[in-house]
Amino acid sequence: MSTPNDILAAALAFSTKNRPEWITSKSGELVETVMRAMRGLYLFGASVNPSYFAEKADVAAAAGSWARPATANAVILIRNPAGQEVIVVPENQQDADRSRPALFQRGLQYFGAGGPLDPVAGALTFTYAKKATKPATADAAFDASWNTDFDGLLATETAIYLAIQDGRIDEASAYVGSRDAWAKQFAAWLDIETVPRVYAYRIGRGVSIPDLIRTTLASVPSTAAS
């Protein structure tokens with residue numbers, strides 16, 4: 001398994017203007033740069049295949065509502081203690097489907113939608129695509145959900161952030177093509193990593209990989225004169 005320091009060593013090697021000794025002298029700052037890149041990639045990944053980064057948590061009711069799990073990028077499924085799926089409806093359409101248990105969301109809380117089947121108390125089980133987890137130290141391994149085949153993507157994304165932070169915009173721009181190629185490969189792998197899925201129905205939106213790259217990964221400032 002790879003570590004933040006492994007990724008930093010690879011990212012620093014992109015430019016002679018980076019100094020290898022920064023791994024020690026700027027460790028805290030640089031690990032945060034790696035995690036910024038990693039958080040973007042988990043968000044990217046959750047948009048392509050939320051099930052790959054999924055985990056579960058039981059959330060107890062408190063004051064008539066259920067808190068959205070703090071480590072969730074995207075909530076995929078909610079079930080009640082009987083194992084029934086609990087749907088989420090808009091707050092202004094709480095009666096959208098009275099045939100199934102339902103919640104509505106307000107901020108980081110979920111509330112029963114007022115129907116006869118809707119939750120009012122007890123625990124609900126949330127399944128969600130999780131956020132990236134920061135290792136305890138710079139030499140500790142990343143979470144096992146990270147596929148180390150794509151360490152090159154993480155290192156390239158980190159190198160872009162390092163160059164931007166140092167004002168080396170031309171260098172950052174030069175790395176974007178490689179990063180985008182890696183990201184497309186990452187998306188392709190996420191799309192096919194478990195092929196034999198059978199759906200009774202499928203809810204979701206089409207995913208544009210170029211749009212995901214633009215909205216979730218590092219954006220290089222323009223160097224054009226104003």
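Only the coordinates and a few stated rules stand behind these numbers; no lab work does. This one's a predicted model, so the numbers in the text were calculated from it and none came from an experiment. Methodologically, a virtual Cβ is constructed for each residue, glycine included, from the backbone with ideal geometry; neighbour enumeration extends over all protein chains shown.
Hand me the list of helices (runs of 4 or more DSSP H) wholly inside the range 1-113 holding 2 or more residues that are under 30 Å from residue 192 (Cβ atoms).
On the way: elements: 4-12, 22-25, 27-48.
Here the list reads 4-12, 27-48.
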Subject >> the range 108-122, residues that are of a type outside the set (A, V, I, L, M) and closer than 20 Å to residue 46 by Cβ >> reply: 110
Original post:
Within the range 23-42, is there a residue that is touching a strand residue (DSSP E or B) at 6+ places or on another chain (Cβ under 8 Å) and either hydroxyl-bearing (Ser, Thr, Tyr) or touching a residue at least 12 places away in the same chain (Cβ under 8 Å) (or both)?
Top reply: yes
Subject >> Every residue from the range 20-36 that is touching a Ser or Thr at 6+ places or on another chain (Cβ under 8 Å) and hydroxyl-bearing (Ser, Thr, Tyr) >> reply: 33
Original post:
Are any residues in the range 78-95 surrounded by fewer than 16 Cβ atoms within 10 Å (Cβ to Cβ) and of a type in the set (A, V, I, L, M, F, W, C), and if so, which ones?
Top reply: 82, 88
Original post:
Looking at the range 30-77, which of the residues that are under 15 Å from residue 143 (Cβ atoms) and of a type in the set (D, E, K, R) is surrounded by the most Cβ atoms within 10 Å (Cβ to Cβ)?
Top reply: 39
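Counting just the residues of the range 26-48 that are of a type in the set (A, V, I, L, M, F, W, C) and out of contact with any Leu (no Cβ under 8 Å at 6 or more places or on another chain), which one comes out farthest from residue 190 (Cα to Cα)? Lay out the reasoning, then the answer.
Here is the first cut: in the range 26-48, the ones of a type in the set (A, V, I, L, M, F, W, C) are 30-31, 34-35, 37-38, 41, 43-44, 46, 48.
Next, from what is left, pick out any that are out of contact with any Leu (no Cβ under 8 Å at 6 or more places or on another chain): 35, 43, 46.
Numbers: 35: 20, 43: 13, 46: 9 Å.
Looking at the filtered set, the residue picked out is 35.
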